[in-house]
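The values are calculated or read from the model by the stated rules, or taken from the named source; none is laboratory data. Because the structure is predicted, anything quoted here is derived from the model rather than measured. Please note: Cβ atoms are built from the backbone with ideal geometry, for glycine as well, and neighbour counts cover all protein chains shown. Please note that ligands, DNA and RNA were not included when accessible areas were found on the heavy atoms of the full protein model with its side chains. Shrake-Rupley method; radii C 1.70, N 1.55, O 1.52, S 1.80 Å.
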Amino acid sequence: MEFMDFIKALSKKIYDFTDKEVGIDNINVLTKPCYYIQVIDYKNEFFANYKKRIFISVDIMYIPENDENNTMEVYKALDELDNMFEIKGNKILKVKDRCLTLKNEHTKMIDGLGHYIFDLDLFDVYGTDLRTFDNSIETIKEVLNNPDTEEMEYEILKKLQLFDEKGEKVPLFDENDNLISEEVFKKLSLFDKNGVPFNYKIMRNLKMKLKK
């Protein structure tokens, strides 16, 4: 996931929701009322096993049509931005195939301009595209439903130590020993305990090693 992936996803979301011009470069060429995306901070921290941590802090500026008597207009625009990100009690921005949770979001008005500020803090992989990995839940279901599937393979799936992008452990099975739903699985970006993205091929390689 690259810097422009965030900017493109954010600018498209704002435009689709508000139908107003969104700028990222020259603020002076925009037609008011409009929005301007300012990146306050952007950092990449690289780790072993193709894992990196991305931090980005963003200020969405709302520029009203008139320079005076615009307080209500500005606060209304900020409320609309807040509603735009709302998904079941969380503030979410979808970037490519990832649903990212906004953090530290807050609003303010300075010199007649509205500011909607938030942070994104996530783990990703570099050097390898997550979408090339065979980590679909359908693949796992096929294995579990296959009468030729060995018990050993099933036990490996159950004992896999998998973690989400926040470092929290995520089991593939629920408390009733059933595979987690496809809806839940699709929302997860899973990594093993060493930070390597989970995919079924890695699990099969592990099985082969154990059989030797």
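Using a 1.4 angstrom probe, figure out how much accessible area the stretch 55-94 has per residue, in square angstrom, rounded to the nearest whole.
57
Quick check on packing: order 54-67, 24-37 by the mean number of other C-beta atoms within 10 Å, highest mean leading.
Put in order of decreasing packing, that is 54-67, 24-37.
Label points 7 Å out from Cα along the Cβ direction at K96 and E168: separation in nm?
2.3
Report, in listed order, any pair from K8/K43; K13/K76; K76/K96; K13/K91; K8/K52; K43/K88 with a Cα-Cα distance greater than 24 Å.
K76/K96; K43/K88
Report the extension gain between M72 and K108 in nm, rounded to one decimal, defined as 0.36 nm multiplied by the number of residues separating them, less their alpha carbon distance.
Fully extending the segment from M72 to K108 adds 11.7 nm.
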